[in-house]
Amino acid sequence: MNSNYLEQKKNSHLCFYIGENKYAVNTGNVLEIMKLPALDYPQKLANNIVGLLKYNNFVINVVDIRFYLNINVPPYTANNELLIVKTDEVIFGIITDKILGISSFDSTSVDPIPFVDNTMVVESLYKQDNETVFIVNIYALENLLKQHDRECLDIDIPSLFPKDEASKMTMQLRTQAIAEKSALRLVPSELHAKNKYISFNLNEDYYCISLDFVKEVLKDTSITNVPGTPNFVEGIMNLRGDYITVINLKKFLGIRDESKNDKHPVVIIKCNELKLALLIDKINELFEFQESETEEASDSYYAGEFIYNRTLYTVLNIDKITSDKRIIVTEM
């Protein structure tokens, strides 16, 4: 396997806010992101566990890393988001305030924290746009969860969750939706599944891209028009000094543009040594799908279709798109 690809995958991180601080975990450990569902809290739970969630064939622990970092934990709301992560052995959830998206970190700018042991939740720091990102050690969290001698939290955990009926109903419906999922069936031997996708909308239709090709996801960006380019080339964008061609995906695929929104997110991809920004309508979620019917066909922009959580997704063939001869704009 190409060493550059492995390095890119190693340095791809999902960023999120907890309080005013930005944190990140490697995308290789991410299974799914979702709005906070209702959790079970059957008794006093040790190891700073704030609840339990039935996730496919597992009952998983949910943690809030603020407890491990001795940071004050404010009450949760229905707007909190849950990050489902995995190690080689376990799956668990991390409560966050807001998921930001995927970023590719320059490994030479990652500063490891001295004297890190196997229970330190933050293992290194990264400077991004004059902001410090704390890189979370998922395996340290795994070790902490295994320590059965840790004391219970001296706090009324259920009191942190919303008490108003509207929020409780919303979160309960999310829990029911998770329980009803039939497309994803994880068993222990499948913890290393590779089929991870970023999903998004083009008009009202749902599409997705294999996470292997995704470098970054931006909710909004400034685009500079370039005269004389094909109509599907929206322009170029400056990403931390790197100029990237922005492709209007709907125009490129011949899809009618029904959007009335002036602000569009972009997905930064890299394939065939070409880096592109794909202009889309709306970012939805990151998820993992185990089926194998999505193998890419060399003669089509579409790699296949599958149904996940009652929604039909079309998988884009990124290799075909990035090797298309119509994309002739030279990278600046």
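Read-outs throughout are calculated quantities, based only on the coordinates presented, and are distinct from any laboratory measurement. Only a predicted model underlies this, so the values are computations on that prediction, with no experimental measurement involved. Positions of Cβ are backbone-derived with ideal geometry, glycine not excepted, and every protein chain shown enters the neighbour counts.
The table that follows gives values for the structure above.
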read-out: Given charges at Cβ of Lys, Arg, Asp, Glu: segment 196-322 dipole, positive-most of Tyr302, Ile283, Pro227; value: Pro227
read-out: Prolate/oblate/rounded label for segment 196-322 (Cα gyration tensor, a/c 1.5); value: prolate
read-out: Backbone HN-Hα couplings from phi across segment 65-79 [Karplus 6.51/-1.76/1.60, Hz, Gly and Pro as x]; value: 5, 4, 5, 6, 9, 6, 9, 4, 10, x, x, 7, 10, 5, 8
read-out: Table column - 3J(HN,Hα) (Hz), segment 122-136, Karplus curve with 6.51, -1.76, 1.60, x for Gly and Pro; value: 9, 9, 7, 10, 9, 8, 9, 6, 6, 10, 7, 10, 8, 8, 7
read-out: Cβ charges +1 (Lys, Arg) and -1 (Asp, Glu), total dipole of segment 196-322, debye; value: 520
read-out: Which listed pairs, of Lys98/Lys270; Lys22/Lys219; Lys282/Lys325; Lys54/Lys86; Lys250/Lys320; Lys219/Lys282, have C-alpha distances above 18 Å, in listed order; value: Lys98/Lys270; Lys282/Lys325
